[in-house]
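The values are calculated or read from the model by the stated rules, or taken from the named source; none is laboratory data. Fair warning: this is a prediction, and the values are worked out from it, not measured in the lab. A quick note on method: Cβ atoms are made from the backbone with ideal geometry, for glycine too, and the neighbour counts reach across all protein chains shown. The accessibility values were calculated without ligands, DNA or RNA, using every heavy atom of the protein model including side chains. Shrake-Rupley method; radii C 1.70, N 1.55, O 1.52, S 1.80 Å.
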Amino acid sequence: MWSSSLFTAYHLSQLHCDFYMNVGVAHSEVNPNTRVMNSRGIWLAYSISVAVLHIILLSIPFFSVPVVWTLTNVIHNLAMYWLLHTVKGTPFETPDQGKDRLLTHWEQIDYGTQWTSSRKFLSISPIVLYILTSFYTKYDPVHFIINTASLLSVLLPKLPLFHGVRIFGINKY
């Protein structure tokens, strides 16, 4: 009698814990790359990381303010180009690695649906950084050309027209 009541009390406590805790519950995404930009706080972390990059560059004594803004813009755009438009596949062991191994991270975001909030954020953020950079460099022609080329290298691959397109066969495999 005592052992059965102990057994029942144990299962009731487990039921109570399982009701409030999701222990051992896995995500239902086959490919986590598709939803990573919709994760909580990722946009804030992205913005803070760009600000930290800018502050680190500002702390270097022999860089002027226009050079720091241009470096922030160019480093940001190079990193985003590499991460979003060059790296293919998923960093996770997923069942759909076969079809996603040929897609860049940008092409995997939101399952390839265009103009979602994540894609808009990732398209608008380099534009905002470009506007700030242009303002703080006082539209100096050299900085302006460098920053414009950098912006175009990041924005053009984001257009729906270039979804899945590999120009001159670059990054085909």
Expected field for Lys88, accessible surface area in Å² at 1.4 Å probe radius, rounded to 10, holds 40 Å²
Out of residues 5 or more away from Thr90 or on other chains, whose amide H comes under 5 Å of its own, with H placed 1.01 Å from N in the peptide plane? none
Sticking with the crude label model, points 7 Å out along Cα→Cβ, report the distance from His163 to Ile145 in nm, one decimal please. 3.6 nm
Efficiency of FRET from Cβ geometry, Ile42 and Val65, R₀ 30 Å, rounded to 0.05: 0.55
